[in-house]
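Participant: One structure coming up, written as structure tokens, with questions to follow.
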Amino acid sequence: MTDRWMVWGVLVLAGAALGILFYGGLWITVRRLPQIHRPALWMTTSFILRMAGVVGGFYLLMAGDWRRLAALLLGFVPVRLGLLKCLDTHSLPTVS
């Protein structure tokens, strides 16, 4: 019984790690936009790499079980709110 709970806990933590990968990568991408010569290419490449990492991670870790996917999402979704509080969102570049 304890092993089962440990698996679910690890899945939630893995989902949080994937959330940090996705949203942290987005934060880094947006922070670097003012220095990039081709911002559309930069954003598109970042999006494709972030999505590939997250979708691939979800696919491998869920192992075809929707309950495992739910545990992964339970870790993934709250990371956005946590990163918004932790990261300095006021220093983002502004469009003028």
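The values are calculated or read from the model by the stated rules, or taken from the named source; none is laboratory data. Note that the structure is a prediction, hence the values are computed from the model and not measured. Note that we place each Cβ from the backbone using ideal geometry, even for glycine, and neighbour counts take in every protein chain shown. Each accessible area value is taken on the protein alone, full model and side chains, heavy atoms only, with ligands, DNA and RNA left out. Shrake-Rupley method; radii C 1.70, N 1.55, O 1.52, S 1.80 Å.
Participant: Given the rule -39500 (n - 2.57) for each run of at least 4 DSSP H residues, summed and divided by the residues of the chain, what is its mean residue ellipticity at 222 nm, to the nearest 500 deg cm²/dmol? Present the calculation step by step, with values, prior to reporting the outcome.
Facilitator: Working: 3 runs with 76 residues, N = 96.
-28000 deg cm²/dmol, from helical runs alone.
Participant: With a 1.4 Å probe and every protein chain left in place, work out the accessible area per residue of the chain in Å², rounded to a whole number. Write out the running numbers ahead of the final one.
Facilitator: Details: 7070 Å² over 96 residues.
Result: 74 Å² of accessible area for each residue.
Participant: Of the heavy-atom accessible surface of the chain (probe 1.4 angstrom), what whole percent is carbon and sulfur? Please list the in-between numbers first.
Facilitator: Numbers: 5080 of 7070 Å².
Reported share for carbon and sulfur atoms: 72 percent.
Participant: Towards the positive end of the charge dipole of the stretch 1-94, with charges on Cβ (+1 Lys, Arg; -1 Asp, Glu), say which of Ala52, Gln35, Leu84 has the farthest Cα.
Facilitator: Farthest along the dipole direction, towards plus: Gln35.
Participant: Output the relative contact order of the chain, whole-number percent, from Cα pairs under 8 angstrom with separation of 6+ residues. Before the final figure, lay out the partial values.
Facilitator: On the way: 80 pairs, mean separation 45.6, N = 96.
Relative contact order of the chain: 47 percent.
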